[in-house]
Amino acid sequence: MSGILLIDHNRCSLAVARAMAGRGRDVYAGIDGPCDYLNLSRFVTRSLTMADLVETPERALADLNRIFAAYPEITGLFPVDETGVRFLTDHGAGLPDHVLQYVVAAETVRRVTDKSRAAKLAADCGIPVAPRITVDNFADLKSAAADIGFPLVVRAVECNHDVYGVKVLVCHDRATFDAVCTDWPTEGHKQLMIQRYNAGGRHNLYWTADRGRLHAGVNVEVGLTTAGDASGYGTFARTIEPVPELADYATRLVEALGYHGTGSAQFLLDKQTGEITFLEINPRLGANSKLVESVLPYIDWFADLVEGTPLAHRPDPWAYKRGQRFVWLKGENQTYKKLLREKRYGQLVSRFGLSLWNSVGAVHGVFSPDDPLPALACHFNPVIRHLPKRLLPRLPQPVPEIVVAE
């Protein structure tokens with residue numbers, strides 16, 4: 001049985017580990033620190049230490065080569081989140097040829113992760129794009145805010161990067177902007193994007209595409225987020241009947257890119273006005289892909305495409321189960337803490353009750369009845385992280401140095 005190494009983890013890592021184990025692969029997890037999720041999963045054979053992909057990419061590349069030398073049975077490398085996808089786009093050529101990389105084409109990654117290029121692509125496809133300006137210094141940030149006008153949002157250009165302590169900063173007026181944006185943010189951004197605000201809800205259009213042809217698509221509507229609006233991390237979502245305009249836009253993007261693999265596009269849709277705004281394209285599975293995986297063999301199809309296995313024709317690319325719900329309780333905990341700090345006890349009780357109701361019959365972001373340890377560790381991490389190392393279960397293991405005889 002050959003092995004596959006997963007790197008750059010989010011809660012979707014558990015779905016990937018399960019799917020790849022189901023394909024007869026031994027699953028290894030490359031981890032750059034304590035991981036509440038993957039290293040405890042029963043679908044993971046072994047977790048191995050490696051350097052951080054962002055902070056020390058050269059060390060990470062060297063660690064990956066050491067892993068492949070020490071474990072020759074590992075013949076696949078699967079980056080779960082966008083940081084890992086971008087890492088392989090820049091550094092994948094430095095890895096052994098026999099290791100198959102589960103990523104979309106490098107040029108596709110570069111086109112869609114460049115926010116300006118992605119916005120132009122969408123506009124060229126006839127997709128509505130809100131006015132936006134990209135800046136790289138504080139003076140231009142203030143100038144761009146004046147040019148865009150209020151309300152507006154300030155977003156990171158880099159993936160998985162908060163800005164001023166939140167995923168997206170929403171400024172409904174100049175006073176809010178001036179109170180928060182007193183200097184360039186401290187999260188280490190090279191660029192920021194200022195965009196006209198759309199009050200609509202977030203829709204994620206997930207797809208599997210075969211050389212520019214849409215094989216399967218799923219319309220996911222995000223109902224709740226950690227921020228209480230469309231700017232936060234999704235904590236509740238559901239599959240819905242595809243919105244015709246959004247399904248058409250997703251198909252156009254797939255065709256324009258010649259997309260091969262899995263990905264998604266995000267839009268905002270204002271139900272009151274019908275206004276649609278393109279947000280971004282993600283050349284990866286997405287943190288809520290466990291929901292998509294529950295209605296379609298999403299990860300298996302991606303693996304088939306990478307491995308060169310033809311996909312069976314589907315007469316209707318948008319055939320999937322509607323109304324499947326998803327809940328991420330760990331993310332909901334962040335909201336509870338925020339409401340508790342602000343002494344909004346009524347909203348706290350209401351939100352907690354809603355979370356319990358949403359949980360019934362839903363796909364959970366981390367918890368699975370047949371693989372419960374990752375979820376337990378996730379919720380009890382504030383206690384577990386203070387335990388002596390000898391009591392911590394299944395810690396990532398160091399990779400032995402390989403000495404080549406002269």
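Tell me, which helices (runs of 4 or more DSSP H) lie completely within the stretch 278-371 with 3 or more residues that are more than 30 Å from Y249 (Cβ to Cβ)?
In the stretch 278-371, the matching helices (runs of 4 or more DSSP H) lie at 329-341, 345-359.
For the stretch 157-214, please list each of the strands (runs of 3 or more DSSP E) lying entirely inside it that holds at least 2 residues being open to solvent by less than 50 Å² (accessible area, probe 1.4 Å), in contact with a helix residue (DSSP H, G or I) (Cβ under 9 Å, 6 or more places away or on another chain) and of a type outside the set (A, V, I, L, M, F, W, C).
Details: elements: 168-171, 192-196, 201-210.
Answer list for the stretch 157-214: 201-210.
If R18 meets every condition in (1) under 19 Å from L100 (Cα atoms); (2) assigned to a loop (DSSP other than H, G, I, E, B); (3) among the charged types (D, E, K, R) apart from one, which number is that one?
Among (1) under 19 Å from L100 (Cα atoms); (2) assigned to a loop (DSSP other than H, G, I, E, B); (3) among the charged types (D, E, K, R), the lone unmet condition for R18 is (2).
For a quick check of your reading of the model, give me the residue pairs whose first member lies in the stretch 160-176 and is over 18 Å from G234 (Cβ atoms), whose second is open to solvent by less than 60 Å² (accessible area, probe 1.4 Å) and of a type in the set (D, E, K, R), with beta-carbon atoms closer than 9 Å and at least 6 apart or on different chains.
Y164/E187; G165/E187
From the list I67, I31, which residue is farther than 22 Å from D304 by Cα, touching a His at 6+ places or on another chain (Cβ under 8 Å), of a type outside the set (D, E, K, R) and touching a residue at least 12 places away in the same chain (Cβ under 8 Å)? Even if it seems obvious, please write down each step before you answer.
On the way: I67 fails: touching a His at 6+ places or on another chain (Cβ under 8 Å).
After ruling out the rest, the residue left standing is I31.
Does A146 satisfy being open to solvent by 60 Å² or more (accessible area, probe 1.4 Å) and of a type in the set (A, V, I, L, M, F, W, C)? Break it down stepwise before answering.
Working: open to solvent by 60 Å² or more (accessible area, probe 1.4 Å): yes; of a type in the set (A, V, I, L, M, F, W, C): yes.
In short, yes.
Please count how many residues of the stretch 279-299 are touching a Phe, Trp or Tyr at 6+ places or on another chain (Cβ under 8 Å), buried (at least 24 other Cβ atoms within 10 Å of the Cβ) and over 20 Å from L6 (Cα atoms).
Residues in the stretch 279-299 being touching a Phe, Trp or Tyr at 6+ places or on another chain (Cβ under 8 Å), buried (at least 24 other Cβ atoms within 10 Å of the Cβ) and over 20 Å from L6 (Cα atoms): 1 in total.
In the stretch 79-100, what residues are open to solvent by 20 Å² or more (accessible area, probe 1.4 Å) and without any contact (Cβ under 8 Å) to a residue 60 or more places away in the chain? Give the derivation first.
The initial filter retains those residues of the stretch 79-100 that are open to solvent by 20 Å² or more (accessible area, probe 1.4 Å), namely 83, 86, 89-91, 93-94, 96-98, 100.
Correct list: T89, D90, H91, A93, G94, P96, D97, H98.
The values are calculated or read from the model by the stated rules, or taken from the named source; none is laboratory data. Note that this is a predicted model, so its numbers are computed, not measured. Please note: Cβ atoms are built from the backbone with ideal geometry, for glycine as well, and neighbour counts cover all protein chains shown. To get the accessible areas, we keep the full protein, side chains included, count just its heavy atoms, and leave off ligands, DNA and RNA. Shrake-Rupley method; radii C 1.70, N 1.55, O 1.52, S 1.80 Å.
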